[in-house]
Amino acid sequence: MDAEAVVRDLCEAFSRMNVDELLGFFTPDAVYEKMPVGRFAGEAEIRGTLDEFFGPEVRVQFKIANLVSAGNTVCVERVIEFKTVDHEISLPAMAIFEVNDAGKVTAWRDYFDRRQAGLD
């Protein structure tokens, strides 16, 4: 599977909010960097940040606006639609993914406005 297809599938999988499914996209030693939040290395840390992101009253969807790939690197401009019982957020975000030849994500660098995400 090519890198672009892997990333499209990963973005689509977010709406199912299944952490085990999402972890299946990553290598065991992958690094996920939420630039305004922190760096999460390896399966346990990535699982932890995904578990925090999802909750019983949360719905998440990634809407891809633009996707560009070159070799094993994929850049995605997207809007994260985040809904809870109390509020909704449409958060513009930019991500850079690195995918190995086996079709697994080795690195994900995510850029978004911390204040707009409600983190400040």
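When the residues of segment 19-50 are narrowed to those that are out of contact with any Lys or Arg (no Cβ under 9 Å at 6 or more places or on another chain) and at pLDDT below 95, which ends up farthest from ILE89 (Cα to Cα)? Going through the qualifying residues, I end up with GLY38.
Number of residues in segment 88-120 that are among the hydrophobic types (A, V, I, L, M, F, W, C), at pLDDT below 90 and assigned to a loop (DSSP other than H, G, I, E, B) equals 2. Filtered by the rule that a residue be under 22 Å from GLN116 (Cα atoms) and not in a loop (DSSP other than H, G, I, E, B), segment 35-47 gives GLY38, ARG39, PHE40.
Could you go through segment 51-58 and let me know if any residue there is surrounded by 13 or more Cβ atoms within 10 Å (Cβ to Cβ), modelled with pLDDT under 95 and not in a strand (DSSP E or B). Yes, the conditions are met somewhere in segment 51-58.
The residues in segment 5-16 that are within 16 Å of ARG59 (Cα to Cα) and in contact with a Gly (Cβ under 9 Å, 6 or more places away or on another chain) can be counted, and the count is 1.
Annotation note: of VAL85, VAL68, VAL79, the sole residue that is part of a loop (DSSP other than H, G, I, E, B), free of Cβ contacts under 8 Å to residues at least 40 places away in the same chain and hydrophobic (A, V, I, L, M, F, W, C) is VAL85. Determine whether PHE26 is out of contact with any His (no Cβ under 6 Å at 6 or more places or on another chain), within 19 Å of ALA3 (Cβ to Cβ) and among the hydrophobic types (A, V, I, L, M, F, W, C). The answer is yes for PHE26. Annotation: of all residues in segment 1-16 being surrounded by 15 or more Cβ atoms within 10 Å (Cβ to Cβ) and more than 11 Å from the chain's Cα centre (by Cα), the one that is farthest from CYS75 (Cα to Cα) is VAL6.
The values are calculated or read from the model by the stated rules, or taken from the named source; none is laboratory data. From a predicted model like this one, the values you see are computed outputs, not experimental measurements. When we count neighbours, we look across all protein chains shown, and the Cβ atoms used for this are built from the backbone with ideal geometry, even at glycine.
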